[in-house]
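For reference, the structure is listed below as structure tokens.
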Amino acid sequence: MTTPAGRAHGLADLGNTRFLARVAVIAAIGGFLFGYDTGVIGGALLYIKRDLHATSSFDQQAIVSSLLVGAVVGALIAGRLARRLGRRVTIIVAGWMYVAGGLGAALSQSLWQLVAARLVLGLAVGAASFVAPMYISEMAPKRIRGATVTFNQLMLTTGILVAYIADWALKDVAGNWRWMVGLAVVPGLALAIGMMFVPASPRWLVEQGRDNDARRVLQRLHGRDDVSVELGEIEQAATSHGRHRALLSPAVRPMLVIGIALAAFQQFVGVNTVIYYAPTILSFTGIGAGSALSESIFIGVTNVVFTTVAILLLDRVGRRPLLLVGTSGMVLGLAALGLFFQLGWLQQHAPVVALVALLLYIASFAVGLGPVFWLLISEIFPLDVRGPAESASAVVNWAANFAVSFTFLTLASVVGRPGTFWIYGGIGVLAVVFIARRVPETNGRSLEQIQHQLSAGPGHRT
Ligand code: BGC
């Protein structure tokens, strides 16, 4: 039973929630823009094609894929920046690139200008995709770290939904696609300017030898003067292994395997075929283009709603149960989709089955692999390699995203629609096995305790 003293201590552990909320909201604009810029292009492309004469599928793929290629590079560079300049400054740089890329895209006069602008946007997306959660996780007290970091994924899914709505709402406005891609400049400015007014991460400050500055940030975050326990843990973790071990050293390898495998699984279960091609998949089912567009808004809403469910559950039931249940749900959804496309009578008599299967699939992603991958990679790596190790996981995630997005339509035409969804489902089964065997529970532990537990080797799962 919790004693009053225990409860009081528990509340103190939640820290200065108002300050933390402000910090998390500002940093998570990085997540919002990740979602907006990846989600907006599907609808905008319809009009860009006409205006910029992007008639071949090569041209259109160049427009879509330039952001993903930029994101691979951005994720690669940002690991170093996060270590050298700090998480906060890296996010400020990403904010200005969101502004420059958004303006460049909105004002593009040619296909290649647009491709170049989306490359710049991609650099920002790749960087913000993991440095924003990294920063938030280093600021949050352990008892609410899951929810606070996952707030970034909530902003991301909201960004995707807002992009779908903007595409739909602006379709009859003159110069529509320029507004669709250009609107992102506003949150970009908010991110770049807002981040100038929040403190640097205490973990990074300790790594720089600025322990007094770190103490001040911790005091503010925890809302109390005595933060010697927290500071001591960080200092010890920063020095216990000597600085800057190699990324591939035996002590880091097991965690790197987890980060990279989850990065690949998150994409190879095919999530962005749904996020980027929802109207296409829905139109495969025989429903008209108009309702395919509005039904894709259902998918966006489901993604947001179930990410909220994840936020409510992550710090209660833990990361592993959500990952296991969520990934199993995705497998069921994929199996049902495959079956739907396999059985002609289902398509004729019950097209709603496809929508239900898609919604089950996306809801399951939103409680499991969607948020938990980004959360876990912000938790499992030791401080001295956190930047490069998260960066490596994010690079794999973006490269896998690129690979899946650009083979989906071809795969569907070569092996057929049922086969395509079953392949993703098979990968989902492998993911469930991997998670069950290898992924540790990180709930309720400080980042330093997790580091200690994982360094003790595999088998320390609970
Ligand atoms: C993934 C993205 C995906 C998004 C959908 C993120 O966790 O990394 O690739 O588009 O979730 O909600």
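Structure summary
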| read-out | value |
| --- | --- |
| Some residue of the range 353-370 being away from the ligand (no atom under 12 Å from the Cβ), out of contact with any Phe, Trp or Tyr (no Cβ under 6 Å at 6 or more places or on another chain) and without any contact (Cβ under 8 Å) to a residue 24 or more places away in the chain | yes |
| Failed criterion for Ser393 (all others in (1) farther than 30 Å from Gln208 by Cβ; (2) crowded, with 22+ Cβ neighbours inside 10 Å; (3) touching a residue at least 40 places away in the same chain (Cβ under 8 Å); (4) within 15 Å of the ligand (Cβ to nearest atom) hold) | (1) |
| All positions within the range 47-72 that are under 16 Å from Ala106 (Cβ atoms), part of a helix (DSSP H, G or I) and of a type outside the set (D, E, K, R) | Tyr47, Ile48, Ile63, Ser66, Leu67 |
| Residue that is nearest to the ligand (Cβ to nearest atom) [pool: residues in the range 123-134 that are more than 13 Å from Glu379 (Cβ to Cβ) and within 14 Å of the chain's Cα centre (by Cα)] | Ser129 |
| Members of the range 155-186 that are touching a residue at least 60 places away in the same chain (Cβ under 8 Å), more than 16 Å from the ligand (Cβ to nearest atom), part of a helix (DSSP H, G or I) and surrounded by fewer than 23 Cβ atoms within 10 Å (Cβ to Cβ) | Ala166, Trp168, Asn176, Arg178, Trp179, Gly182, Val185 |
| Members of the range 403-430 that are crowded, with 19+ Cβ neighbours inside 10 Å, within 16 Å of the ligand (Cβ to nearest atom) and of a type in the set (A, V, I, L, M, F, W, C) | Val404, Phe408, Ile427 |
| Test: residue in the range 308-330 that is in a helix (DSSP H, G or I) and in contact with a Phe, Trp or Tyr (Cβ under 6 Å, 6 or more places away or on another chain) | yes |
| Residues that are away from the ligand (no atom under 12 Å from the Cβ) and assigned to a helix (DSSP H, G or I), drawn from the range 371-390 | Leu383, Asp384, Val385, Arg386, Gly387, Pro388, Ala389, Glu390 |
| Yes/no for Gly300 being surrounded by 15 or more Cβ atoms within 10 Å (Cβ to Cβ), under 19 Å from the mean Cα position of the chain (by Cα) and not basic (Lys, Arg) | yes |
| Test: residue in the range 272-283 that is modelled with pLDDT of 85 or more, within 12 Å of the ligand (Cβ to nearest atom), among the small types (Gly, Ala, Ser) and assigned to a helix (DSSP H, G or I) | no |
| Filter pass, Leu376 being among the aliphatic types (A, V, I, L, M) and over 19 Å from the mean Cα position of the chain (by Cα) | no |
| Every residue from the range 31-54 that is within 16 Å of the ligand (Cβ to nearest atom), more than 17 Å from Val131 (Cβ to Cβ) and in contact with a Lys or Arg (Cβ under 9 Å, 6 or more places away or on another chain) | Ile41, Gly43 |
| Scope the range 73-92; condition of a type in the set (A, V, I, L, M, F, W, C) and either more than 26 Å from Leu383 (Cα to Cα) or surrounded by fewer than 20 Cβ atoms within 10 Å (Cβ to Cβ) (or both); matching residues | Val73, Leu76, Ile77, Leu85, Val89, Ile92 |
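The values are calculated or read from the model by the stated rules, or taken from the named source; none is laboratory data. Here the structure is a predicted model, which is why all the values come from computation and not from measurement. Note that we place each Cβ from the backbone using ideal geometry, even for glycine, and neighbour counts take in every protein chain shown.
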